[in-house]
Amino acid sequence: MQEHYLQRLVEETTSYNTLVGSIFPAALWSRLPHVVQTWARNYIVSQVTYFLICSLWCFYFYHWKHDVHLSKEAIPSRKTIMSQIHVSMKAMPWVSIVPTISEYFIEKGYTKCYFSITEVGPIVYITHTIIHIILVEFWIYWTHRALHDVKPLYKHFHFVHHRFNTKTSLSPFAGAASHPVEAVLDALPYTIFIFVVPMHFKTELVLLSFNGIWTFNTHGCLETKMWPFLTADYHTMHHIMHRYNYGNYTILMDWLFGTLRHPYSTVDEAKSK
């Protein structure tokens with residue numbers, strides 16, 4: 001029974017791999033081990049998502065609606081955006097290893113992932129998902145804070161991301177512009193906590209993907225206050241002031257641990273506080 005159940009998971013991931021692998025010669029793709037196919041699929045999907053979402057965002061806000069949401073002075077230069085892309089490309093091959101490892105352990109039956117929501121029911125499924133998100137929030141908050149508080153970590157790893165610290169040097173492309181070590185740390189809780197909290201397999205994949213998309217959005221410098229979410233205006237303050245708003249999706253962890261600062265109307269006002 002267990003073998004049949006795990007086989008369904010392998011068939012599921014194989015179907016994803018086959019879909020992405022269709023862009024390659026069949027003879028070449030079929031020779032790759034399953035785990036290598038999974039890594040290649042994660043890497044390719046990450047690349048496509050990164051360039052598609054960020055490019056559409058920049059087109060909409062920097063060009064189509066450039067006179068509505070952002071001033072012309074706040075739009076980063078092409079050189080700055082290219083620098084962000086360059087840093088991101090160094091991190092993506094490494095961060096793609098994390099979901100690959102997750103799927104390997106899931107397929108082997110080592111985690112608490114389940115295949116269908118009907119196995120646990122909707123209430124338990126929602127509870128599992130909420131607990132998982134809270135644990136991820138906790139992890140990202142404290143690893144992010146440690147990257148600031150522990151000076152060698154900031155100097156050797158987090159500074160790579162904080163080269164982009166003003167409204168004119170931030171864009172969605174900066175969301176993935178991190179040192180590979182930091183990028184792996186950000187993705188790691190999605191692997192660690194599936195050993196602790198039961199999680200629906202497809203929901204786990206969606207949450208990991210959405211985390212990247214959310215990161216792109218929070219580096220866009222838009223004033224989009226949506227309590228209790230930690231939106232771009234909160235994260236822009238973090239890049240300017242360095243000491244506040246370490247969270248990921250919501251302001252919860254910053255509120256609990258005393259590092260929450262609400263957005264101000266201008267950069268100068270933020271700096272004066």
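Tabulated results
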read-out: Average accessible area per residue (Å²) across the chain - probe 1.4 Å, nucleic acids and ligands excluded; value: 52
read-out: Value in Å of the Kirkwood radius, where region 1-64 supplies the Cα pairs that are averaged; value: 13.8
read-out: Under-5 Å amide H pairs with T250, H placed in peptide plane, nonlocal only; value: L230
read-out: Qualifying lysines (Cα of each under 22 Å from Cα of K90; at least 8 residues distant if same chain); value: K79, K155
read-out: Neighbour net charge for R8 - beta-carbon separation under 15 angstrom, K R +1, D E -1; value: -4
read-out: Vicinal HN-Hα couplings computed from phi for region 32-47 (Karplus, 6.51 cos²θ - 1.76 cosθ + 1.60; Hz; Gly/Pro x); value: 6, x, 3, 5, 5, 4, 5, 4, 4, 5, 4, 5, 5, 4, 4, 4
read-out: Fraction of accessible area attributable to carbon and sulfur, the chain (%, probe 1.4 Å); value: 68
read-out: Cleavage-rule hits (trypsin sites (Lys or Arg not before Pro)) in region 4-103: DSSP loop, at most 12 neighbouring Cβ within 10 angstrom; value: K65
read-out: Kirkwood Rh, Cα atoms: Rg over Rh of region 111-210; value: 1.08
read-out: P(r) weight above 33 Å for the chain, C-alpha pairs, percent; value: 26
read-out: Amide H contacts under 5 Å for H200, placed H, 5+ residues apart; value: Y114
read-out: Two-decimal Rg/Rh across region 38-153, once Rg and the Kirkwood Rh are taken from alpha-carbon atoms; value: 1.07
read-out: Residue-averaged 222 nm ellipticity for the chain, from DSSP H runs of 4+ at -39500 (n - 2.57), nearest 500; value: -19000 deg cm²/dmol
read-out: Inverse mean reciprocal Cα-Cα distance (Kirkwood Rh) of region 135-270, Å; value: 15.2
read-out: Sparse-neighbourhood loop sites, chymotrypsin sites (Phe, Trp or Tyr not before Pro) in region 192-234 - DSSP loop, at most 15 other Cβ within 10 angstrom; value: none
read-out: In Hz, Karplus ³J(HN,Hα) per residue of region 232-242 (6.51, -1.76, 1.60; θ = phi - 60°; x = Gly, Pro); value: 4, 5, 5, 6, 4, 4, 4, 5, 7, 9, 6
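The values are calculated or read from the model by the stated rules, or taken from the named source; none is laboratory data. In this text the structure is predicted, and so the values were computed from the model without any measurement. Glycine gets a Cβ as well: all are built from the backbone with ideal geometry, and neighbour counts include every protein chain shown. Side chains are part of the model used for accessible areas, which takes the heavy atoms of the whole protein and leaves out ligands, DNA and RNA. Shrake-Rupley method; radii C 1.70, N 1.55, O 1.52, S 1.80 Å.
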